[in-house]
1. When segment 177-193 is examined, which residues are found to be under 30 Å from residue 128 (Cα atoms) and among the small types (Gly, Ala, Ser)?
2. Within segment 131-140, track down each residue that is assigned to a loop (DSSP other than H, G, I, E, B) and surrounded by fewer than 16 Cβ atoms within 10 Å (Cβ to Cβ).
3. From the list 152, 164, pick out the single residue that is among the acidic types (Asp, Glu) and modelled with pLDDT under 95.
4. Among the residues of segment 187-201, how many are more than 19 Å from residue 11 (Cβ to Cβ), in contact with a His (Cβ under 8 Å, 6 or more places away or on another chain) and at pLDDT 95 or above?
5. Of the conditions (1) assigned to a helix (DSSP H, G or I); (2) touching a Leu at 6+ places or on another chain (Cβ under 6 Å), residue 179 clears all except one; give me its number.
6. Among 125, 172, which is closer than 30 Å to residue 227 by Cβ, surrounded by fewer than 13 Cβ atoms within 10 Å (Cβ to Cβ) and either touching a strand residue (DSSP E or B) at 6+ places or on another chain (Cβ under 7 Å) or at pLDDT below 95 (or both)?
7. Considering only segment 60-76, state which residues are buried (at least 19 other Cβ atoms within 10 Å of the Cβ), closer than 14 Å to residue 103 by Cα and not aliphatic (A, V, I, L, M).
Amino acid sequence: MDKVCASCAEAVADIPNGSVIAIPGFFAAGVPRLLLRALIERGVKNLTLACGCGPLVGAHEELITMVKNGQVKKVIDSYGLFRSASKGLADPFEQAIRDGTVELEVYPMGTLAEKYRAAGAGIPAFYTPTGIGSVMEETVVTNIKANRTPKETKMINGQKYILEYALQPDYAFIHANIGDRDGNLRYRKTARNFNPVMAMAARYTIAEVENLVEAGGLDPDMVHTPSVFVKRVVPVDRIKFRIGID
């Protein structure tokens, strides 16, 4: 089944206000920048961004732009705040949290990855020892001030565990190095990061692909994300960007 869209604008044309969108990336690697730019152009608002690592100034400029534009209601993340060490200034994301215009929900990175993986595997919840004895025993949602809700815990074989629930976004924006017209995807090195688990977790996955090949052009043993998880594919040019964190 050919899933190719002519443009990123076409691929995101029907995403409604209030959507939960998974955005992969480890700093700047594997970020679906062109899909994000198309979403910015549409002006979709009241979004929850389920990120892997971000938004960071110098690495996730598109996410920062969305925060500045007032398009973001909430961010679910593993990297809460970034303050400029050299200048002592809050970045726009941190400032939005302090102003109370954006909510932030934080999890350890491994826990967050497992929340996506669990959703993709059809597992509604899981127990983890990560965060025992820390603030991670509570669900922490921060805007002007933290709102903390204790999480359920359980003793298993003498070890205390935290119950975490699967996270299933409405959409996932994916960046792949190679993909075919059916939606089979392959990532490049560090750019893989959260892409595979987010593609599995989301109800609707859209992939931007640097190198598009015909169906059957990818060796099945080299596929990282099978086509069954992907609804739309958009061929894009590889873009150059400067990473700079003061």
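The values are calculated or read from the model by the stated rules, or taken from the named source; none is laboratory data. Small disclaimer: the values here were computed from a predicted structure and weren't measured. When we count neighbours, we look across all protein chains shown, and the Cβ atoms used for this are built from the backbone with ideal geometry, even at glycine.
1. Correct list: 191 only.
2. Listed by number, the residues that qualify are 132, 133, 134.
3. 152
4. Within segment 187-201, residues that are more than 19 Å from residue 11 (Cβ to Cβ), in contact with a His (Cβ under 8 Å, 6 or more places away or on another chain) and at pLDDT 95 or above number 1.
5. For residue 179, the failing item is (1).
6. 125
7. Across segment 60-76, the qualifying residue is only 71.
Residues are listed down the side, and each one gets a yes or a no for (1) closer than 12 Å to residue 24 by Cα; (2) surrounded by fewer than 22 Cβ atoms within 10 Å (Cβ to Cβ):
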residue: 192; (1), (2): yes, yes
residue: 196; (1), (2): yes, no
residue: 199; (1), (2): yes, no
residue: 217; (1), (2): no, yes
